[in-house]
Amino acid sequence: MTLKTTHARLETVARVAATAGGLGIIFISITVTLDVLLRKFFHVTFGGANEMAGFIFAVATALSYPIVLLDRANVRIDVLYTFLPLKIRAFLDFLAMLLVLYFVAFLTKSVFGLLVKSWTHDSMSIGVFSIPLWVPQSIWVLGFALFTLTALFLCVYAAVSLFKRDWSTVTAIAGVPSLDETIEEETYIDVEEPRDDSGKGT
């Protein structure tokens, strides 16, 4: 299996995870809205809607991180970046991805430690449902684990591409999207392919 194929399959998994998180957000939106309307007009409540919303929102956010990284939608400061040669940008993209991996791995370790603590102490949520905290935290940690795996893979993919001196691939998987790419994504209009320093398409 090539790195390109693995990248595509990982993107599919990440999109499924993000879709699941999005459906969770829609669910809590409907639930909280109904709860508010019931309290307003009928003076009854589901009970625990806010509590469940907090759990689902946290899980949905974690499940969405991998696709954000794969789509290069994370925030990058590119004031000087766009003026640099393609080769320099490729090395900076690789360095940025290494820093992302370090941060995400540290974060994943922390949330896993929280999960272990909740499991060990049999911690329960403080609310109407009073559910074991390890239940939502398990899915939460799964999202962070997938995030870490995604960052690790992108680091490996970028490192191999750097070794092959394939600068355009590095920027395509770990770099800042170009203006043309952004326009094409937002408008679905094909624009002229950006060119590298040699005048060839990237």
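Readers should treat all values here as calculations from the given coordinates under stated rules, not as data from a laboratory. Keep in mind that what you see is a predicted model, and the values were worked out from it rather than measured. Methodologically, a virtual Cβ is constructed for each residue, glycine included, from the backbone with ideal geometry; neighbour enumeration extends over all protein chains shown.
Suppose we flag trypsin sites (Lys or Arg not before Pro) only when DSSP calls them loop and at most 12 other Cβ atoms lie within 10 Å. Which is the longest uninterrupted stretch of the chain? Value returned for the longest uninterrupted segment is 1-163. The sum of -39500 (n - 2.57) across all DSSP H runs of n ≥ 4, divided by the residue count of the chain, sets its helix-only mean residue ellipticity at 222 nm to -25000 deg cm²/dmol. For the chain, the average shadow cast by the Cα convex hull is 14.8 nm², which is a quarter of the hull's surface. Dipole magnitude for the chain: computed about the Cα centre from +1 point charges on Lys and Arg Cβ and -1 point charges on Asp and Glu Cβ, it is near 660 debye. Phi-derived couplings, Karplus 6.51 cos²θ - 1.76 cosθ + 1.60 at θ = phi - 60°, listed residue by residue for the stretch 34-42: 5, 4, 5, 5, 5, 5, 5, 9, 10 Hz, with x used for Gly and Pro.
As a length-normalised measure over Cα pairs under 8 Å and 6 or more apart, the relative contact order of the chain settles at 24 percent. Which residue, Leu98, Ile30, Ser168, has the largest displacement toward the positive end of the dipole of the stretch 3-187 when charges sit on each Cβ (Lys, Arg +1; Asp, Glu -1)? Of the candidates, Leu98 comes out farthest on the positive side.
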